[in-house]
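The values are calculated or read from the model by the stated rules, or taken from the named source; none is laboratory data. This is a predicted model, so every value here is computed, not measured. With ideal geometry, Cβ positions are generated from the backbone for all residues, glycine too; neighbour counts draw on all protein chains shown.
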Amino acid sequence: MHTRAGHGKFETLGALGISAMLLATGSGIAWHALDLLSIALSAAPEVIHSGHHHGIDMNHPILALTVTIASISIKEGLYWITKRAGEKQGSGLMMANAWHHRSDAISSLVALVGVGGSILGVNFLDPLAGLVVSTMIVNAGLKTGHQSILELVDAAIPAQQLEPIRQTILQVEGVKGCHRLRGRRAGSSLYLDVHIVVDPFSSVSVAHEVGEYVRRQINLNHPEVSEVFIHIDPAFLQFSCSTKDHDSITKESNICQEIKHVEATVSDIFSSQLSEKLTIKRITPHLLHSKILLQIVVAMPSTMSIQDVMIAAEHAEKEILKAAPNVARVSIQLSLNSE
């Protein structure tokens, strides 16, 4: 079985590898700079003035400065181009590679400072500049490495970063709320898990379509999202506190058996007391806060008046609530379809 999230881990591993290279580069520059600084502080003046020029030919200082400046400009340009592409794609690998370009530019900057210091006769500027830029490179390596490790262990994305996606979900018609919005990254891909709240009396097909529309809106407005796992929950706020009693149906009970028992009770009541007045066509149970709400569609004889139907329906509701204490509400609806 192929998993897209698993493939994204290779990108994260690549970013982790580049961060390791940045740490090694920064540490090497720092070590070399400290070595040069110790030599500069302890050596004789003639040794100090001989300097260290990173392999640059100091017989042509102007040419050396020009080439070094050109190298810095090119590498810094590559840094900004790669960085913007990485931000657009949400790619940690590209962001790490951007800092790899900048580390080259910073290395050239150290060389530039060394050349300039040699021209001015201030050779200790080279190791001092090396220490400063090595700190910058190590810091960048630590940041990219930390982010890569978080992605590898599937660390959750901070809630504030997911807030725009939450607003997109709440703007969808039919969504009454959302909660437990969570996200994780795998390379440049973002994977979401969210619970949306819909009308508790919506049909399964309608609730499913609302969820699919949420998925389409997220993919349209947030292209960095690769996959969304949507859970559909019923809304409870429109019901009174009496429906929140959890005593009648415990967590250990089998709700399917409970509903089957309630349906049998309803059928017995109609067959024994209302067989000549009302006929059951459909029973639709709803479960809200561990209470059962029933929607019962009935048919009536053509000779029966609406007033008699209302009286019979009221009697049926009372009998059902008396016989089935785990039923919180009964709604009896009249079908005018003779079929």
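Numbers below:
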read-out	value
Selected residue (criterion: surrounded by the most Cβ atoms within 10 Å (Cβ to Cβ)) from residues of segment 275-309 that are at pLDDT 85 or above and of a type in the set (K, R)	K281
Candidates I306, I292, I332, filtered to the one that is free of Cβ contacts under 8 Å to residues at least 60 places away in the same chain and either within 20 Å of V204 (Cα to Cα) or within 39 Å of the chain's Cα centre (by Cα) (or both)	I292
Selection from segment 10-57 of residues that are modelled with pLDDT under 65 and either part of a loop (DSSP other than H, G, I, E, B) or surrounded by 16 or more Cβ atoms within 10 Å (Cβ to Cβ) (or both)	A43, A44, I48, G51, H52, H53, H54, G55, I56, D57
Subset of segment 253-274 that is of a type in the set (S, T, Y) and surrounded by 11 or more Cβ atoms within 10 Å (Cβ to Cβ) - its residue that is modelled with the lowest pLDDT	S253
Residue match in segment 221-230 (condition: closer than 30 Å to P285 by Cβ, surrounded by 14 or more Cβ atoms within 10 Å (Cβ to Cβ) and at pLDDT 85 or above)	yes
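Condition check ((1) closer than 20 Å to G211 by Cβ; (2) of a type in the set (S, T, N, Q); (3) modelled with pLDDT of 85 or more) across all residues:
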position	(1), (2), (3)
G116	no, no, no
M136	no, no, no
N139	no, yes, no
H179	yes, no, yes
H195	yes, no, yes
D199	yes, no, yes
